[in-house]
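J.: My questions will all concern the structure given below.
No lab work stands behind these numbers, since they all come straight from the coordinates. Note that the structure is predicted; figures quoted are calculated from it, not measured. Cβ coordinates were reconstructed from backbone atoms using ideal geometry, including for glycine residues, and neighbour counts include every protein chain displayed.
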Amino acid sequence: MVSIVAAQQGREEILDRLKRELYVCFECGKCSGSCVVFRVKDDMNPRLFVSSILEASSIDEILEDENVWSCAICYDCTERCDQGIDFTHTLFELKNLSTEIGKQPQAIKEELATLHATGRTSPINARALKKREALDLPEIQVPDLEAIQGLIDRVTSYGTSEKKVKEE
Amino acid sequence: MTKPNLLFTGCLIEVNYPYLEKLANDLLPKIGLGISDRIEFMCCPEPISFRGATDYSWLVLAARNLCLAEQKGANIISLCNGCENTLAQANIMLQNDPELLEKVNRDLAEIGFNYKGTVKTRHFLQAIYEEVGLEKLKSFVTRPLSFLKGASHAGCHLLNPADILKFDDPLDPVVLDELMDALGIEVIDYEGKTLCCGVSLATADDREGSINALKTKLLATQKYDADCLIVGCPFCFKQYDVGQRLNRKRLDEVEPTPVYYYLQLLGLAMGLPFEETSISTHKIKSQAHMALFKGEEA
């Protein structure tokens, strides 16, 4: 199941909803057993993460946990949860909320800036153009960059305090 | 009438591994998957960090890419797990939720776009598996690569979410194994097939976690005597190839393991000269493999 972050909800409503979604967890630990990150990072334990969200008194308290950004989005926990919890999606929501208050990791800030400036995540460089030419591949162009930037600015929730999406 | 296919190459291949774009353009039509002339998509956009940061802009920008294909009356074949993950997820969300589609179209209208929902997106491995099929694929193999003991790594974002990507069983994937077997490769079944390469941790500044994931994976393949990893994603490829070079000191328990992108091996199995695969540009090379790829006795 996927759904777009419910941008219309306020933070208290979001916290209530997250708790309702996670309330069915019976702490079997399958999520932690299947988590590719937990295998290599002791403090990213999805089962305990779910518990801490259930006990949290605010969204901001949850966002203090830097493991919000540790999910590799492999979806294995979602796939294996017998209770149908989509924890991958919960973390997507938390990452979005974290970005709204500027708490995203530096690398993410840079990626967002690059995508905005170039329409790409790997910017075109002279070496790439040379390689492409040698392979007889066409030049890369991103048409309508201005339109794309306008679109990002209008719908995006990062970097601006005015959220046009939410105003609707 | 079958729709034409547009190649969704993706930022990373276009810039870092353009030879994979070349291989796709040359090889896919030879096995029956026609590819139309290149059009300029933008970033898919990237499904881990960018979507993590801003879910709705991710959807709108993906919809814009889908519109470009729809305007050409075409379907999409992607060369990257990340691109396919974004495009497939966004596509299904828009196709199944009229209210969401309307909302996205209101935003797209500002730049003169409108998405109807008619595009089909597939990863190239999926297109080969479903449309060409294993039997026909085998008929193109003139040089079986039976000397390779390959560990498949389909990759998280091609397998999941399985109900949308519909590629394979995400907990016990076999499709890439079967595609490798069709080229004559000895398929190594190993515990840890679904372990992540770790690249998405690096993109969120967690270098330590990323290296540990890489190491865990390589130790798993080594335990089962695989002599190479085989992938269909340029991000997994980069993590295994460049990642092993960059973190050599941290990986001292690990045998350097070469990684090949499936199309390179498809090309070799179809008789493509070794030079055209660009395998000699990889950071982690196996001299024994390269001699065999060139048709020399090892």
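J.: Under the definition of partner shielding as Cβ atoms of other protein chains within 10 Å of a residue Cβ, what is the mean value for peptide A:131-140?
T.: Details: counts 9, 6, 1, 3, 8, 2, 8, 4, 2, 7.
Across A:131-140, the average partner-chain Cβ count within 10 Å equals 5.
J.: Further question on the same structure: Within a Cβ distance under 10 Å of B:Asp168, other residues only, what is the Lys/Arg minus Asp/Glu net charge? Please list the in-between numbers first.
T.: Numbers: positive: B:Lys166; negative: B:Asp169, B:Asp172, B:Asp177, B:Glu178.
That sum, taken over residues with Cβ under 10 Å, equals -3.
J.: Residue by residue through the range A:109-114, which ³J(HN,Hα) values in whole Hz follow from phi under the Karplus form 6.51 cos²θ - 1.76 cosθ + 1.60 (θ = phi - 60°), with glycine and proline marked x?
T.: Using θ = phi - 60°, the values come out as 4, 5, 5, 4, 5, 5 Hz.
J.: Would you mind putting A:133-140, B:147-154, A:30-37 in packing order, based on average other-beta-carbon counts within 10 Å, highest first? Intermediate values should be presented prior to the final figure.
T.: On the way: A:133-140: 12.8, B:147-154: 23.8, A:30-37: 22.0.
Descending mean neighbour count gives B:147-154, A:30-37, A:133-140.
J.: What percent of all Cα-Cα pairs in the range B:90-131 falls into each 5 Å bin, going from 0 up to the bin containing the maximum distance?
T.: 5, 22, 22, 18, 13, 10, 9, 2
J.: Also, quick follow-up: Using the 10 angstrom Cβ neighbour count as an exposure proxy, how do A:Thr90, B:Thr2 rank, fewest first? Before the final figure, lay out each step's value.
T.: On the way: A:Thr90 22, B:Thr2 7.
Going from sparsest to densest Cβ surroundings: B:Thr2, A:Thr90.
J.: Please compute the Kirkwood hydrodynamic radius of the protein assembly as shown from all pairs of different C-alpha atoms, in Å with one decimal. Walk me through the numbers on the way to the answer.
T.: Numbers: mean 1/r = 0.0440 Å⁻¹.
Evaluated on the protein assembly as shown, it is 22.7 Å.
J.: Related question: Which of B:Leu272, B:Leu100, B:Leu195 ends up with the largest GNM mean-square fluctuation for chain B, with Cα atoms connected below 10 Å?
T.: Judging by the Gaussian network model, the answer is B:Leu100.
J.: Then there is this: Given the range B:134-293 reduced to its alpha-carbon atoms as identical point scatterers, what log10 I(q)/I(0) does the Debye formula return at q = 0.12, 0.18 Å⁻¹?
T.: -0.50, -1.13
J.: So what's the convex hull volume per residue for the Cα atoms of the range A:20-149, in Å³? Could the numbers behind the result be given before it?
T.: Working: hull volume 21.5 nm³, N = 130.
Looking at the range A:20-149, the number lands at 165 Å³ per residue.
J.: Please report the net charge: other residues with Cβ closer than 14 Å to the Cβ of B:Asn25, K and R +1, D and E -1.
T.: On the way: positive: A:Arg132, B:Lys22, B:Lys30, B:Arg38; negative: A:Asp136, B:Glu14, B:Glu21, B:Asp26, B:Asp37, B:Glu276.
Local charge sum for B:Asn25: -2.
J.: Now for a separate question. Placing +1 at every Lys and Arg Cβ and -1 at every Asp and Glu Cβ, with all other atoms neutral, what dipole size does the protein assembly as shown have around its Cα centre, in debye to the nearest 20? Don't skip to the end; give the middle numbers.
T.: Details: 51 positive and 70 negative charges, 219 e Å.
Around 1040 debye, computed over the protein assembly as shown.
J.: Could you state the per residue volume, in Å³, of the convex hull enclosing the Cα atoms of chain B?
T.: Numbers: hull volume 37.0 nm³, N = 298.
In chain B, the Cα hull volume divided by residue count equals 124 Å³.
J.: Separation of the range B:205-259 and the range B:19-67 by C-alpha centroid, Å?
T.: So the separation of the two Cα centres works out to 26 Å.
J.: Could you work out the local net charge near A:Cys35, counting Lys and Arg as +1, Asp and Glu as -1, over the other residues with Cβ closer than 12 Å to its Cβ? Working shown, then result.
T.: Values: positive: A:Lys30, A:Arg39, A:Lys41, A:Arg47, A:Arg80; negative: A:Asp42, A:Asp43, A:Asp76, A:Glu79.
Net charge around A:Cys35: +1.
J.: Show me, for the range B:181-195, the HN-Hα J-couplings you get by feeding each phi into the Karplus relation (A = 6.51, B = -1.76, C = 1.60, θ = phi - 60°), rounded to Hz, glycine and proline as x.
T.: Result, rounded to whole Hz: 4, 4, 8, x, 6, 6, 8, 9, 8, 9, 6, x, 4, 9, 5.
J.: Per-residue mean of other chain beta-carbon atoms within 10 angstrom of the beta-carbon, peptide B:208-221? Mind showing how you got there, number by number?
T.: On the way: counts 2, 8, 4, 1, 4, 6, 1, 1, 3, 3, 0, 0, 0, 0.
Mean number of neighbouring Cβ atoms from other chains: 2.
J.: What number, rounded to the nearest 500 deg cm²/dmol, is the helix-based mean residue ellipticity at 222 nm of chain B, given -39500 (n - 2.57) per DSSP H run of at least four residues and division by all its residues? Please list the in-between numbers first.
T.: On the way: 16 runs with 144 residues, N = 298.
Only helices count here, giving -13500 deg cm²/dmol.
J.: Oh, and also: ³J(HN,Hα) across the range B:263-280 via Karplus (A = 6.51, B = -1.76, C = 1.60, θ = phi - 60°), whole Hz, x for Gly/Pro?
T.: 3J(HN,Hα) across the range B:263-280, in whole Hz: 5, 5, 6, 4, x, 4, 5, 8, x, 5, x, 3, 4, 6, 8, 6, 4, 5.
J.: Over all directions, how big on average is the projection of the convex hull of the alpha-carbon atoms in the range A:3-88, in square nanometres? All intermediate terms of the calculation are to be shown ahead of the outcome.
T.: Working: hull surface 21.7 nm².
Averaging across all directions leaves 5.4 nm² for the Cα convex hull.
J.: Also, quick follow-up: Hey, fewest Cβ within 10 Å first, where do B:His282, A:His116, B:His123 land in order?
T.: Working: B:His282 20, A:His116 17, B:His123 28.
Ascending Cβ contact count within 10 Å gives the list A:His116, B:His282, B:His123.
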